[in-house]
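Contents: one structure, followed by commentary.
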Amino acid sequence: RLCAAAAPNLSYQELKDLKKGNVLHIDVRERWEIDRFGKIPESINIPLGELMQALQMDPMEFEEQYNQKMPSKSDPVVFSCLAGTRSKQALGFAMSLGFS
């Protein structure tokens, strides 16, 4: 399941269209789930339990840890998980930190 503030539920096709632009796709599943079920191309894995801390990191530290430029609070970000519960929580966390 996929979540973004503008459209709390995105289809696979909508995500593909978004990814043609400059959107950061954060997969909030656990690392063992990524290992077991596979990585979504062009996404970064930040397990939900790490997300609040990750989104408050120093940008250099974020890039070092996740091999990706840290999103600014106005950058388009999409969260995904397995069933939709964690991606909705992730969206709430990000919005509580001032991400639009």
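Data overview
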| item | result |
| --- | --- |
| Net charge of Cβ neighbours under 11 Å - reference N22; Lys, Arg +1; Asp, Glu -1 | +2 |
| Under 22 Å from K69, Cα to Cα: lysines that are on another chain or at least 8 residues apart | K16, K19, K20, K39 |
| DSSP-assigned coil residues among GluC sites (Glu not before Pro) in the chain, each with at most 14 further Cβ atoms within 10 Å | E42 |
| Most positive-pole-ward Cα, Y12, G98, S80, against dipole of the chain from beta carbon charges | Y12 |
| Q53-S100 pseudo-label distance in nm [points 7 Å out on the Cα-to-Cβ vector] | 3.0 |
| Option label - Cα Rg over 2.2 N^0.38 Å computed here, alternatives [x] 3.26; [y] 1.36; [z] 0.98 | [z] |
| Contour excess over end-to-end distance, with Cα ends at A83 and Q13 and 0.36 nm allotted per residue | 23.5 nm |
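Bear in mind these aren't lab numbers, they're just calculated from the coordinates by the rules spelled out. These numbers were taken from a predicted model, which means no experiment stands behind them. For neighbour counting, all protein chains shown are included, and Cβ atoms are generated from backbone atoms with ideal geometry for every residue, glycine included.
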